[in-house]
Amino acid sequence: MNYIDGLRADTAVLPNGMVFNARIKFMERICQALANNQLPKYHFPQFQLTEKEITSYMESNVNLDEVEFQAMSAHLEKFDHDLGEFRTYLQTRFGYWATITQDFAAAIKANFPNQSFLELMAGNGYLSKGLRDIGVETYCTDDLSWAKYNQTGNLALTEIESLDALSALEKYGNQVDNVIVAWSPDREDIDYKILQKIRQLNVNFLLIGEKNGATDSKEFWEAAKLVEDPRIDKINQSYSHYDLVQDQLYLVK
């Protein structure tokens with residue numbers, strides 16, 4: 001049973017479980033797009049149930065007897081838990097870490113028009129794929145030395161040049177307007193080394209991550225200077241916050 005089938009099994013044992021179908025169908029479309037080597041079209045809504053939704057659903061089933069009500073509560077809790085596993089599923093099944101969607105890529109192009117990009121540590125190349133599909137000049141690089149335990153790098157969506165991050169900066173750093181990194185691992189200091197190297201170049205450094213959270217090293221966040229920029233604010237309106245992870249796009253100096 002795959003993840004989406006598991007969610008359907010959860011709702012099948014819930015009274016009036018079809019009220020959650022729209023949520024599951026949205027998630028299914030995301031998985032179908034990724035399985036077809038495409039980006040999801042739109043940024044994601046929150047998938048786990050809100051307190052208001054839980055309360056409303058519980059109140060709509062107050063006519064159940066005590067045993068049925070307790071069973072329903074347990075099934076609802078499991079369904080909500082399973083909804084919360086969506087990020088982990090996307091990471092392990094598709095190597096999809098940053099929530100790159102078509103509308104997010106379009107927002108980058110709109111706010112950095114006629115500019116070129118170098119993506120470092122691109123994984124499966126979701127971001128470069130999104131930019132290239134809309135005509136943005138993008139160099140996509142990764143030697144995959146950091147990707148070992150999931151589908152990262154095994155399901156490439158676009159051509160990826162085998163270069164480690166620092167070598168890629170040496171080769172392309174003076175040829176592009178922007179360098180971009182998405183979801184650098186939090187236990188490696190390569191991001192700090194990238195930052196020091198970029199400071200020697202005349203380029204923008206764009207980073208997708210969660211400050212002092214799921215991504216990037218402590219050394220990086222301590223050294224990074226985050227720049228307020230209305231372009232970044234506009235782009236982040238198209239970036240998904242669908243669970244507890246609060247990652248976003250940053251402009252770094």
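Defining a contact as two alpha carbons under 8 Å apart and six or more residues distant in sequence, what relative contact order in percent does the chain show? Averaging sequence separation for qualifying contacts and normalising by length gives 18 percent for the chain. Straight-distance candidates among the aspartates and glutamates for linking to residue 78, with alpha-carbon spacing under 19 Å and chain neighbours fewer than 8 residues away dropped: 5, 10, 28, 51, 53, 59, 66, 68, 243. Per-residue ellipticity at 222 nm, computed for the chain from helices alone with -39500 (n - 2.57) per DSSP H run of at least four residues, works out to -12500 deg cm²/dmol. Evaluated with a Cβ-only charge set (Lys, Arg +1; Asp, Glu -1), region 19-108 carries a dipole of roughly 700 debye about its Cα centre, given to the nearest 20. Its Cα centre serving as origin, the chain has a Cβ charge dipole (Lys and Arg +1, Asp and Glu -1) of approximately 780 debye.
DSSP assigns beta bridges within the chain; of those with both partners inside it, close to 35 percent run antiparallel. For the pair residue 188 and residue 2 in one chain, pulling the backbone fully straight at 0.36 nm per residue adds 63.8 nm over the alpha carbon distance. With the charge dipole of region 26-68 set up from +1 on Lys and Arg Cβ and -1 on Asp and Glu Cβ about the Cα centre, the Cα lying farthest toward the positive end among the listed residues 30, 64, 47 is that of 30.
Each reported figure results from applying straightforward, stated rules to the coordinates on display, with no laboratory input. Worth saying up front: this structure is predicted, and the values here are computed from it rather than measured. FYI the Cβ positions are ideal-geometry reconstructions off the backbone, even for glycines, and counts take in every protein chain you see.
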